[in-house]
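Student: Take this structure first; my questions come after.
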Amino acid sequence: MPTVSKPKKLKDRILTVLFPQRCIFCRAVIHADSDYCDKCAKKLPETYYVKHAVGGARCCSPFLYKDGYAAAVKRMKYGGKKNYARPLALFAAGAAAREYNLSSFDFVTCVPMHKSSLKKRHFNQAEELAKDFCAFTGLEYFDTLEKYKQNKPQHSMHRRERASNVKGVFRVLDKQAVRGKRILLVDDIITTGNTLGECARLLKKAGCAEVSCVTVCSTMI
């Protein structure tokens, strides 16, 4: 007796051949149920990295911004690989669970993106990471900040220019909603820490009790 499953299986096999699943770090072909290859799995760091944003907010990251880890973040941000957010958020959740008492946070938020940038990219990678982070940890997600002015990309600026580049571009959406709260702020990368630091500063100015941060990658500087 014929079934409808066989054509679907054939289609799946064809799609697998034409569009194979690839390792998020090195792009090697892998099993459809995997996110990264065995070779990259053996190289995963056993520790995590801690640095501080401008102003002192602590930030933990599972990876240094280099090699396949930097490549994965770049493909997510600039290559439209929105699906990378889930596996990368899992690593971020692992680092955060080791560095913080996650149950002490009231909720998770993210560094916002200006609407013009969002229109070009179609998604905010920090928001996708934050929401997947919440799916893994059981924490709640809330939008707390808005980027209401466009600025130059931080990576295009000299180190000494980055602090002034993020001033006056963010604002808190609802001060009452953050007052007295302990918030975990999510972004993809921490470099000089100016962006995370400015967001943390505004949240604290609005009455937030504490802001800690987590990113996928951290630079050495």
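The values are calculated or read from the model by the stated rules, or taken from the named source; none is laboratory data. What you see is a predicted model, and the numbers here were worked out from it, not measured in a lab. No Cβ is skipped: glycine too gets one built from the backbone with ideal geometry, and neighbour counts run over all protein chains shown. SASA here: full protein model, heavy atoms, side chains in, ligands and nucleic acids out. Shrake-Rupley method; radii C 1.70, N 1.55, O 1.52, S 1.80 Å.
Student: Where Lys and Arg each count +1 and Asp and Glu each count -1, what net charge lies around Met220 among other residues with Cβ under 12 Å from its Cβ?
Tutor: In short, +2.
Student: Shifting gears a bit: Of all the accessible heavy-atom surface of the chain, with the other protein chains kept in place and a 1.4 Å probe, what percent is carbon and sulfur?
Tutor: Answer for the chain is 53 percent, counting heavy atoms of protein chains only.
Student: What whole-number volume per residue, in cubic angstrom, does the convex hull of the C-alpha atoms of region 92-131 give?
Tutor: For region 92-131, the hull spanned by Cα atoms encloses 71 Å³ per residue.
Student: What size of dipole, in debye to the nearest 20, comes out for region 33-89 about its Cα centre when the only charges are +1 on Lys and Arg C-beta atoms and -1 on Asp and Glu C-beta atoms?
Tutor: That gives a dipole near 260 debye.
Student: Shape verdict for region 87-171, please, from the Cα gyration tensor: rounded (a/c under 1.5), prolate (a/b greater than b/c) or oblate.
Tutor: prolate
Student: In addition: Excluding Val186 itself, what net charge comes from residues whose Cβ is under 11 Å from its Cβ, given Lys and Arg +1 and Asp and Glu -1?
Tutor: Here the charged neighbours net out to -4.
Student: Identify, among Gly94, Leu64, Ser212, the residue whose Cα sits farthest towards the positive end of the charge dipole of the chain, taking +1 on the Cβ of Lys and Arg and -1 on the Cβ of Asp and Glu, with the dipole about the Cα centre.
Tutor: The listed residue farthest towards the positive side: Leu64.
Student: How high is the relative contact order of the chain, in percent, with contacts defined as C-alpha pairs under 8 Å that are six or more residues apart?
Tutor: Rounded, it is 23 percent for the chain.
Student: Relative contact order for region 104-221: what is it in percent, counting Cα pairs under 8 Å that are at least 6 residues apart?
Tutor: 30
Student: Still on this structure, I have one more. Using a Cα-Cα cut-off of under 18 Å, which lysines could be cross-linked to Lys149, ignoring same-chain neighbours fewer than 8 residues away?
Tutor: Once the sequence-local lysines are set aside, what remains near Lys149 is Lys115, Lys119, Lys120, Lys167.
Student: Lys and Arg at +1, Asp and Glu at -1: add these up for the other residues within a Cβ distance under 13 Å of Lys77 and post the number.
Tutor: Once positives and negatives cancel, what remains is +2.
Student: Another one. Taking the Cα centre of the chain as the origin and placing charges on Cβ (Lys, Arg +1; Asp, Glu -1), which of Cys134, Met76, Gln150 is farthest toward the positive end of the dipole?
Tutor: Result: Gln150.
Student: Determine the dipole magnitude for the chain: charges of +1 sit on the beta-carbon of Lys and Arg, -1 on that of Asp and Glu, nothing else is charged, the reference point is the Cα centre, and the result goes in debye to the nearest 20.
Tutor: Around 800 debye, computed over the chain.
Student: Another question, if that's okay. Calculated from the structure, mean projected area of the Cα convex hull in nm² equals which of [x] 14.7; [y] 11.7; [z] 12.4?
Tutor: Entry [x].
Student: Is the shape of region 143-197 rounded, prolate or oblate, going by the alpha carbon gyration tensor and its root eigenvalues a ≥ b ≥ c, with a/c under 1.5 for rounded and a/b larger than b/c for prolate?
Tutor: Prolate shape, in that a/c is at least 1.5 and a/b is the bigger ratio.
Student: Do the sum for the chain: with -39,500 (n - 2.57) for every DSSP H run of n ≥ 4, divided by all residues, what is the mean residue ellipticity at 222 nm, to the nearest 500 deg cm²/dmol?
Tutor: It comes out at -12000 deg cm²/dmol, rounded to the nearest 500.
Student: Moving on. Using the C-alpha gyration tensor of region 53-101, what are the square roots of 5 times its eigenvalues, in whole angstrom, with the largest one first?
Tutor: Taking √(5λ) for each Cα gyration eigenvalue gives 22, 13, 10 Å.
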